[in-house]
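The values are calculated or read from the model by the stated rules, or taken from the named source; none is laboratory data. These numbers come from a predicted model, not from an experiment. We place every Cβ from the backbone using ideal geometry, glycine too, and count neighbours over all the protein chains shown.
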Amino acid sequence: MTSERSSLADEVLMPSSLSARFATPEMRTGLYYAALFLPAGVSTLLLPIWLDSRGIGEEEISLISAMPIVIMIVLNLVVGRIADRAGDWRSVIIAGSLVSAVVSLGFVLVDEFWGVLLFNTLVVIPIMAIEPVIDAAAIRMTRRRGSDFAKVRIWGTFGYIGMVALTGWLFGWLGIAVFVPLFIATCMLRGGLSLPLPLFRGVDERAPEAVAAALSPEMAMTMRQVLRPWFVLALIGTALLQASHMLMISFGALLWVRAGVPEAALGILWVVAPVGEIVTMLFFAHFARRFSARHLLLAACAGGVIRWTGMAVSTEIWQLALLQSLHMATFGLAYMGIVNFIANWTSEAIAAEAQSFYVVLRQIASVAALVVFGRLVSLFGMNSYYAAAALSGVGALMIVLSLAIKQTRSEQAGQAS
């Protein structure tokens, strides 16, 4: 069976011509992932600075970042359920991408708090809704076809890195005026690249054994079965780790500028993080054959404690760059670990809804973290990172409790439990 899967992967990932390669479902999905995070590359670096330049304070910045998350806490499971019941996950992904692209034009009209709050919320909500859907769809497709999800998802990181580097360079050249046109352009590109997405269900029926082999008596077939304590604890622990990133996402660039980091170095520091993420994705299959998903998630939480503690006391560029490289654990390892963990233990019938359930937990944690971080930044500045470190530590405790309740089990090669 291993040789059959290898030959199928070779056929899928190494077609005979360049045009054929770009026509594969994997490449079309990878190109969409590349576009998916382009607007995030722009807004993560420049949105806090753009808002600050318009006199919008830290707590208002927190509210702008938190509002889409608050709304999606209510809507995410609904979107996941709709996506699972649709003829294919593709239609929901395209709809969300196009709506976000059109609404982004509203940024031309606003530069004060309430207007930015409205249009940022309307741009971000459709994308937050489809992120768990594309993850669920892509990992099921690649498992069915015998290819590697990590090497599809990695295109999203490539796109993010390129856009952060370009954004940092344009910011140094043109100043903060570059933010709005660049943000709109990337939203439009994302909408356009959603159109060639493949049909994710039944893309290739030549490897049904890859799906059947993944089934086990313990696999959740309904959302009620997802609510087992050991399963939910792993989701909560990972959600807390991801929430700890909200301090960096919402205030990282602003805190660095205030600490004296040169503006020209901001793009470089942001690029270091996703480069580490790429390393994780390239070697994730190697890790997954040796460690369970929950042990990988535990390692990611430990990385969070180290990274954020270091951020609280570091201002030198080389120190910050070293700490940013730990993104390979705090995001890369955590992201791949949780997507595989959910896919290993849930059926395709609830794929998007199960992934959305984790995202809801992550969003609840993120909203709470944003509210607290906004206040902490205004009071303590860089020392706020100690709170992010503590949050990562609590996440590690949740993973340990999950492992204590239920030990890991053996999985197929290339998958983690």
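A single member of Val103, Val42, Val110 is touching a Phe, Trp or Tyr at 6+ places or on another chain (Cβ under 7 Å), closer than 24 Å to Leu189 by Cα, surrounded by fewer than 17 Cβ atoms within 10 Å (Cβ to Cβ) and not polar (S, T, N, Q), and it is Val110.
From the list Glu60, Glu11, the lone residue that is modelled with pLDDT under 80 and among the charged types (D, E, K, R) is Glu11.
Of all residues in segment 340-349, those satisfying the criterion of being crowded, with 23+ Cβ neighbours inside 10 Å, out of contact with any Phe, Trp or Tyr (no Cβ under 7 Å at 6 or more places or on another chain) and not polar (S, T, N, Q) are Phe341, Ala343. Checked across segment 85-93, the condition of being assigned to a helix (DSSP H, G or I), of a type in the set (Gly, Ala, Ser) and surrounded by 21 or more Cβ atoms within 10 Å (Cβ to Cβ) holds for no residue.
Of the helices (runs of 4 or more DSSP H) lying entirely inside segment 127-232, those carrying at least 2 residues that are at pLDDT below 90 and touching a Gly at 6+ places or on another chain (Cβ under 7 Å) are 149-174.
Among the residues of segment 33-62, those identified as closer than 16 Å to Thr121 by Cα and of a type in the set (Ser, Thr, Tyr) are Ser43, Thr44, Ser62. Taking each residue of segment 59-73 that is without any contact (Cβ under 8 Å) to a residue 60 or more places away in the chain and looking for partners that are of a type in the set (S, T, N, Q) and crowded, with 23+ Cβ neighbours inside 10 Å with beta-carbon atoms closer than 9 Å, six or more apart or interchain, yields Ile64/Asn120; Ile64/Ser250; Met67/Asn120. Just one of the listed residues (Ala343, Ala352, Ala312) is over 13 Å from the mean Cα position of the chain (by Cα), more than 16 Å from Met219 (Cα to Cα) and either in contact (Cβ under 8 Å) with a residue 40 or more places away in the chain or not in a helix (DSSP H, G or I) (or both), and it is Ala312.
Considering segment 282-300, the residues that are modelled with pLDDT of 85 or more and outside any helix (DSSP H, G or I) include one that is surrounded by the fewest Cβ atoms within 10 Å (Cβ to Cβ), namely Arg290. For Ser91, the conditions (1) within 21 Å of the chain's Cα centre (by Cα); (2) within 22 Å of Tyr335 (Cα to Cα); (3) of a type in the set (Gly, Ala, Ser) are fulfilled apart from (2). Put simply, of Ala239, Ala220, Ala253 the only residue that is closer than 30 Å to Val313 by Cα and in contact with a Lys or Arg (Cβ under 8 Å, 6 or more places away or on another chain) is Ala239.
The residue list Val279, Val272 contains one member that is modelled with pLDDT of 85 or more, closer than 30 Å to Ser53 by Cα and in a helix (DSSP H, G or I), which is Val272.
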